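Reviewing the structure listed below.
The values are calculated or read from the model by the stated rules, or taken from the named source; none is laboratory data. Everything numeric here is computed off the predicted structure, so don't read it as measured data. Ideal geometry is used to build each Cβ from the backbone, glycine not excepted, and the neighbour counts take in all protein chains shown.
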Amino acid sequence: MSMSLYEVSVGSYLQILEANLGVLAKAEAHLKKTGASPDDILQDRLCEDMLPLEFQLRSIVHHSLGCVKGLEAGLFQPPANEPDLDYATLKGRIENALSELKAISPDTVNGYAGKTIVFKIGEREMPFTAEHFVLSFSLPNFYFHSTTCYDLLRKRGVALGKIDYLGQMKISR
């Protein structure tokens, strides 16, 4: 069985974005019990030299919906710096990314196969095929930021397990 670009990219993004929303809902419930506000945790970091939860949440969207938009445009760049976004806005962006990705047809994404996409950071440009961009850059970054978000919330005491991270798997019936 061959896998399509849509299944590998959008299929993966949808699974983990749904899971991210479940993780964020558990975090909100936990924080409410402890008397903390979700906005209080946005600057949490695993280590001093790592970027905070707020950046991880923005990056989840950037490396999912932003990837597909980049495939369409042929260009992917780091996200703009947007300081002081609140938890509700960040969660809303994940909900929006999920909704927008669900609306994209498999034929549209599969049509990007073989297309060149350039990752541009400053003056440096790195050309990829769409497939290699998704597999070697976008998905690894997407999973990294999703995992870091999960880890930050676990560090805060949110009761999460691996199944929370994985979300609804595509099992055979």
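Would you pick out the residues in the range 32-72 that are in a helix (DSSP H, G or I), at pLDDT 95 or above and polar (S, T, N, Q)?
Residues satisfying the conditions are Gln56, Ser59.
Can you report the number of residues in the range 148-169 which are in contact with a Phe, Trp or Tyr (Cβ under 7 Å, 6 or more places away or on another chain) and not in a loop (DSSP other than H, G, I, E, B)? I'd like the intermediate steps shown before the answer.
Filtering the range 148-169 for residues in contact with a Phe, Trp or Tyr (Cβ under 7 Å, 6 or more places away or on another chain) gives 150, 160, 165.
Narrowing the set further to residues that are not in a loop (DSSP other than H, G, I, E, B) leaves 150, 165.
Residues that pass the stated criteria total 2.
Looking at the range 61-73 only, could you name the residues that are in contact with a Phe, Trp or Tyr (Cβ under 9 Å, 6 or more places away or on another chain) and surrounded by fewer than 20 Cβ atoms within 10 Å (Cβ to Cβ)?
Within the range 61-73, Lys69, Glu72 meet the criteria.
Criterion first (over 21 Å from Leu75 (Cα atoms), of a type in the set (Val, Ile, Thr) and loosely packed, with under 15 Cβ neighbours inside 10 Å) does Ile94 satisfy it? Before the answer, list the steps.
Numbers: over 21 Å from Leu75 (Cα atoms): yes; of a type in the set (Val, Ile, Thr): yes; loosely packed, with under 15 Cβ neighbours inside 10 Å: no.
Answer is no for this residue.
For residues that are touching a Lys or Arg at 6+ places or on another chain (Cβ under 9 Å) and polar (S, T, N, Q), tally how many sit in the range 46-94.
The number of residues fulfilling the criteria is 1.
Answer yes if at least one residue in the range 93-113 is in contact with a strand residue (DSSP E or B) (Cβ under 9 Å, 6 or more places away or on another chain) and of a type outside the set (Asp, Glu), and no otherwise. Let's see the steps before the verdict.
Step one: of the range 93-113, the residues in contact with a strand residue (DSSP E or B) (Cβ under 9 Å, 6 or more places away or on another chain) are 113.
Checking the rest, the ones that are also of a type outside the set (Asp, Glu) come to 113.
Yes - at least one qualifying residue is present in the range 93-113.
Just one of Leu139, Leu85 is among the hydrophobic types (A, V, I, L, M, F, W, C) and at pLDDT 95 or above; which is it? It would help to see each step written out before you state the result.
Values: Leu85 fails: at pLDDT 95 or above.
So the residue among Leu139, Leu85 that is among the hydrophobic types (A, V, I, L, M, F, W, C) and at pLDDT 95 or above is Leu139.
Those residues that are touching a residue at least 60 places away in the same chain (Cβ under 8 Å) and touching a Ser or Thr at 6+ places or on another chain (Cβ under 9 Å), I need them from the range 56-75; list them, please.
Gln56, Ser59, Ile60, His63, Ser64, Cys67, Gly70, Leu71
When the range 128-173 is examined, which residues are found to be among the charged types (D, E, K, R) and either under 30 Å from Gly35 (Cβ atoms) or free of Cβ contacts under 8 Å to residues at least 24 places away in the same chain (or both)? Break it down stepwise before answering.
The first filter runs over the range 128-173 and keeps only residues among the charged types (D, E, K, R), leaving 131, 151, 154-156, 162, 164, 170, 173.
Residues satisfying the conditions are Asp151, Arg154, Lys155, Arg156, Lys162, Asp164, Arg173.
If a residue must be surrounded by fewer than 19 Cβ atoms within 10 Å (Cβ to Cβ) and either at pLDDT 95 or above or under 20 Å from Phe142 (Cβ atoms) (or both), how many such residues does the range 1-13 contain?
Of the residues in the range 1-13, the ones surrounded by fewer than 19 Cβ atoms within 10 Å (Cβ to Cβ) are 1-4, 7-8, 11-12.
Adding the requirement that they be either at pLDDT 95 or above or under 20 Å from Phe142 (Cβ atoms) (or both) leaves 3-4, 7-8, 11-12.
Qualifying residue count, the range 1-13: 6.
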